[in-house]
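The values are calculated or read from the model by the stated rules, or taken from the named source; none is laboratory data. Note that this is a predicted model, so its numbers are computed, not measured. Heads up, the Cβs are rebuilt from the backbone with ideal geometry, glycines too, and the neighbour counts pull from every protein chain shown. To get the accessible areas, we keep the full protein, side chains included, count just its heavy atoms, and leave off ligands, DNA and RNA. Shrake-Rupley method; radii C 1.70, N 1.55, O 1.52, S 1.80 Å.
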Amino acid sequence: MAITALQWLSLVGIIWLQAANGTNTDFPAYSSQLKEFLSLSQFQLNNLAFASDAGKLFGWLSGMAALYLPLWIVLFLGSFLGLVGYGIQYLFLTNKIHSMSYPHIFICTILAGNSTCWFNTICFMVAIKNFPLNRQVVTGLISSYAGLSPKIYADMVGVISPLERAKTYLLVNSVTPLALSFFIAPMIRNINVGIGKTKKILFSILFCITIATGVYAVISSLSLISSLSLPLNSLIGLGIFLMAPLGIPAAEFVRELLMNSTERVRVGVEIVEDVRENDETVQFHCVVREEIAMKEMLKRINFWLYFFLYFFGPTIGLVFLNNLGQIAESRGCANISSLVSLASSCGIFGRLSQSVIVYFFPSYKITNSALIVSSMAPMAGAFFLLLNPSNISLKISGAIIGFCTGAFTSISVATTTEMFGTKNFGVNHNIVIANMPIGSFLFGSLAAFIYRKKGSGDGKCMGMSCYRNTFIIWGSLCLLGTTLALILYSRTRKFNSDASNTVSKSNNNSLSNV
């Protein structure tokens, strides 16, 4: 197969992997039933949500493995961790394993949560290696497909056994990524090619497919079309949208077959490689503020501003999404899976938003710190909107928080690189996102404490009072995070302005040299 077709085929493979990778994000859809099956308290249930996030603390293991092992082995190691983590819990719920303590379930949840790190490592390594000029665009684009996971798994559960959600979710979470790994393993490879005009057209097509997929996911989650309210119909539609990107490598394969001169292809790639090297140099010098190691990073005020605005923003958003099942149940919302799917589907557009801005509107020069502010402020307002008891306010708030959390997740990769460099990115970014399991435990425990205090003797709480105080606290902390984001923006504004001027000068020089 032609080399550029293989390049785009690898992108399709990691898109599918990301679509199946969000197994930890569907926890809210079955958490209430799991709580009943295992007779868990609200604190114990919250700790399981924390355990899933705590798996990220060991994400560096996947990076180390990827340095020394073939990518297909790393892929199957991640699949095996998910199989063990979710599979053992499934066997316990189906009485295939008769004795299992809460600490065992906790450890299995950590393993299951860690499995997503292995898939993310593979996806981002392949994206950065195969699309070096557009790595920021591609990483944002593929991460947007992770927002489809709750919708995909919800439809699968609806088809298989909707009445036993906890058991069925654990089953599909354990089996689906492993089955997909066998199919996409030959597609996961590093391929080096340049970038030309045809690829820009193909990127535009892929953006259109991704946006259409997100729109379809939102429409089917809201049941705006009656036929799509059926899980089987919705799942078939998602399958068609996920297969659509295959048309891009197929078109590249046909195009290259029709090219008459092999020499023409060789010369064209050589010319593009020269342009690629020049462009990469410009991009590197303009984006990176400075190259610093972990110890030096911890001494910087900007790091702590960044750390705590992350802590008081997206991390709270993730805690909300983890507790969305309990929140919906306490408010008497019937279709919890649909609500979770809606929030995650909106996360698709949030994750995609940065890529769209960077790719289609490069002349606007919107900085990452400005994008952070724009994603933080609406989230704070959404928490206060939750004080309204109507179901529509719950849906709107869930959609806003899902969008903003997804947007920040995509922006954070570029922000860490810009502020602290690329040389120690793996270590530095893992230090930054260490706030997530910490926040998951603290903010989740706070919500569980208030829930239990407002609940009845059986540990169950119904009504707006269950989470009212929690929403006020979370919203106030998000306002604090927004303030920190504004301070960070003001501190980095001069650098970003100078960087934009450097980009323009470098690009003009490159064009004149060509």
* Cα-based Rg (one decimal) and Dmax (whole number) for region 23-77, in Å? -> 15.5, 44
* To do: For region 288-416, just list the percent of Cα-Cα distances falling in each 5 Å bin from zero outward, please.
  => 2, 10, 19, 20, 16, 13, 9, 6, 3, 1, 0
* Relative contact order (%) - criterion: Cα under 8 Å, at least six apart; region: region 83-126 -> 45
* Structure fact -> For Leu163 and His104, extending 7 Å from Cα along the Cα-Cβ vector and measuring point to point gives, in nm, a value of 2.8
* **Contour excess over end-to-end distance, with Cα ends at Lys453 and Arg300 and 0.36 nm allotted per residue** => 51.1 nm
* So if we plug the beta-carbon distance of Val175 and Glu291 into 1/(1 + (r/R0)^6) with R0 = 51 Å, what FRET efficiency do we get, rounded to 0.05? -> 0.75
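Applying 1/(1 + (r/R0)^6) with R0 = 56 Å to the Cβ-Cβ distance of Leu442 and Ile201, what FRET efficiency is obtained, to the nearest 0.05?
Calculated value: 0.75.
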* How many nm separate the modelled label positions at Asn469 and Leu257, each set 7 Å beyond the Cα in the direction of the Cβ? -> 6.8
* Starting at the first residue of region 386-401, write each ³J(HN,Hα) from the Karplus equation 6.51 cos²θ - 1.76 cosθ + 1.60 with θ = phi - 60°, in whole Hz, x for Gly and Pro. => 5, 5, 6, x, 6, 5, 5, 5, 5, 5, 5, 5, x, 5, 5, 5
* To do: Pairs to check: Lys151/Lys365; Lys129/Lys151; Lys129/Lys365; Lys35/Lys453; Lys395/Lys453. Give those whose C-alpha atoms are more than 22 Å from each other in this structure.
  => Lys151/Lys365; Lys129/Lys151; Lys129/Lys365; Lys395/Lys453
* Structure fact -> A 1.4 Å probe over the protein heavy atoms gives region 17-154 a carbon and sulfur accessible-area percentage of 71
